[in-house]
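I have placed the structure first, in the form of structure tokens, so that the comments after it can refer back to it.
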Amino acid sequence: MVIYKNFKGGFMPPVKLYTLSTCSHCKNTKQFLNSLGVAYDYIDVDLLQGQERTDIIEEVKKYNPNTSFPTILIGNRIIVGFKENEIRGALGL
Amino acid sequence: MNEQELYDLLKKAQEPKGYFFNKDRERVTDLLQALLLNKDRYGYMCCPCRLASGDRKLDQDIICPCAYRTQDVEEFGSCYCNLYVSKAWNETEGPHPYVPERRPQTRLPY
């Protein structure tokens with residue numbers, strides 16, 4: 001397992017985003033994480049097709065029954081929407 | 001239709017109804033380009049901030065301007081995407097509160 005350290009020397013939890021390629025809040029979230037130098041994985045769900053799309057939508061639903069975007073996983077925390085303060089808090093920044 | 005033409009068309013149609021484009025022109029450009037992209041993809045301008053099903057009937061409530069815009073602008077001063085806002089919202093310095101998803105889960109086609 002890769003362990004990232006944050007700016008304060010603490011351990012950075014893994015970050016995963018479920019996003020849409022067209023969504024302004026999703027773009028802002030990616031830009032915000034980039035500006036913090038935080039590594040993350042993301043999936044643009046609107047670009048998926050077939051079974052992969054169905055499977056990923058089910059995955060998003062588990063974390064966020066509204067299936068809205070971005071759905072952000074930071075360690076065990078689930079954040080729905082681009083909420084800067086919550087993201088910072090979950091990252092320990 | 002290009003982004004500028006769409007901008008001009010919608011501005012003329014929506015401002016008299018009290019719906020103004022976000023003063024952040026870059027964000028508006030991004031969103032209008034996304035609407036044009038969705039028009040190419042699906043045949044209609046589905047909300048760029050929501051996952052389209054590709055079935056016009058099922059997506060009817062999220063075709064821009066979506067069925068939730070009126071309530072969202074009334075309550076939060078902005079639609080879900082921050083494309084359309086009230087005059088007051090544009091005149092207030094941010095950060096503005098996040099507009100939560102109003103679309104009920106029962107309307108989700110997936």
* Asked: Just to be sure, is A:D55 at pLDDT 95 or above, within 13 Å of chain B (Cβ to nearest Cβ) and under 26 Å from B:N82 (Cα atoms)?
  -> no
* Scope the stretch B:35-49; condition in a helix (DSSP H, G or I) and facing another protein chain (nearest Cβ under 9 Å); matching residues -> B:L35, B:L37, B:N38, B:R41
* From the options A:V80, A:V45, A:V38, residue that is under 20 Å from B:R41 (Cβ atoms) and touching a residue at least 12 places away in the same chain (Cβ under 8 Å) -> A:V45
* Looking only at the stretch B:53-106, and only at residues there that are surrounded by 14 or more Cβ atoms within 10 Å (Cβ to Cβ) and among the basic types (K, R), the one that is farthest from the other protein chains (Cβ to nearest Cβ) -> B:R69
* Asked: Within the stretch A:67-79, which residues are surrounded by fewer than 19 Cβ atoms within 10 Å (Cβ to Cβ) and either within 11 Å of another protein chain (Cβ to nearest Cβ) or on the phi < 0 side of the Ramachandran plot (or both)?
  -> A:N76, A:R77, A:I78
* Asked: Going by the conditions given, is B:R103 part of a loop (DSSP other than H, G, I, E, B) and within 20 Å of A:V45 (Cβ to Cβ)?
  -> yes
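The values are calculated or read from the model by the stated rules, or taken from the named source; none is laboratory data. Only a predicted model underlies this, so the values are computations on that prediction, with no experimental measurement involved. When we count neighbours, we look across all protein chains shown, and the Cβ atoms used for this are built from the backbone with ideal geometry, even at glycine.
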